[in-house]
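What follows is one structure encoded as structure tokens, with my remarks underneath.
The values are calculated or read from the model by the stated rules, or taken from the named source; none is laboratory data. Small disclaimer: the values here were computed from a predicted structure and weren't measured. Neighbour counts run over all protein chains shown; Cβ positions are idealised from the backbone, glycine included.
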Amino acid sequence: MKLLVPVDVSHPHEDLVSHLQWMIDLKGDEVELLFVKEILPSYERVVESMADFPEDWQHQLEVKAVTLLDKLASELKSAGASASIEIASGPTGSVINHLAKYENFDLVAVTPGKSAHIRRFLLGSTSSQVVNHAPSSVLVLRDKEGQKALKHVVFAVDGSKDSEYAIEYTVKNLKMKERGIKASVVNVVSIAPVLGLISPAPFIATLETNLLMEGEVIVAAALNKLRSLGVSDVETKVKAGDPATELIAYADEHEAQLIVCGTKGHSAVSHILIGSVADRLSAHSNCANLVVKIPD
């Protein structure tokens, strides 16, 4: 697997390689470490006008970045992966998406780190750009105390080809069969609030009942798919409510380390409906989440 890992030099993710290793194994993978210099022109002019600021500050920044990236590259090689380094300039999200597209990466790993709850507003714009616009699948790593191994993966399923592909992609690339990882497949029935305003209560109740029955069929199909791929420890659940909220609550309750969802992104409607769930998972879930995209 070809993996792109942007690195925040100012707030480096602690134990980045260790976290990646227990999440996706890394053996035989090709990893590119990326540092993006993103400084607004107006800010740059102010910095350069300060008498006590070093003239070679950009060079010093690159030296610091290379030192960190070299260390991470060495750790990656020790973990059995090949590693390369790239330093680029420009808007972080745009640079990441450009490289993901034109260098054909299979996965982009975004690493907010332990201080994400403080910096969520700043990180959200970049992670949202990557989740929504990178052509490759996106892994949002998130540290959670006590988690040091991938033991339980939650799949958000809706019966679409995208969610089926997400299962296949994750089982293969995370080596779930070989590592004996447990899976849960969860379907969340969600009725738009506007329907409650224009429809009688009996209609809404009947609609929810029908959707819950359909959900049971969907999770049963996902269960069979996982078993056909060699994953034997599987649980199923159908819930009603807001999709992102219910998925996060389920993952927390069952101490899962990863939530997986698919996204089409081929039409405006599917992008808004599914993309918003992926956005909220990447911003608010307490564990890592993987947004799997079908290659164009």
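Data overview
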item	result
Pairs, first more than 14 Å from Glu32 (Cβ to Cβ) in segment 1-18, second among the aromatic types (Phe, Trp, Tyr) and in a strand (DSSP E or B), C-beta under 6 Å, six or more apart	Val9/Phe35
Test: residue in segment 255-273 that is more than 19 Å from the chain's Cα centre (by Cα), of a type in the set (D, E, K, R) and at pLDDT 90 or above	no
Qualifying residues in segment 193-219 (those that are in contact with a strand residue (DSSP E or B) (Cβ under 7 Å, 6 or more places away or on another chain) and closer than 20 Å to Ala166 by Cβ) - the one modelled with the lowest pLDDT	Gly215
Qualifying positions in segment 243-266 - surrounded by 14 or more Cβ atoms within 10 Å (Cβ to Cβ) and over 22 Å from Val138 (Cα atoms)	His254
Filter pass, Asp158 being at pLDDT 85 or above, closer than 28 Å to Arg227 by Cα, outside the structural domain of Glu14 (by TED's automatic domain parsing) and assigned to a loop (DSSP other than H, G, I, E, B)	yes
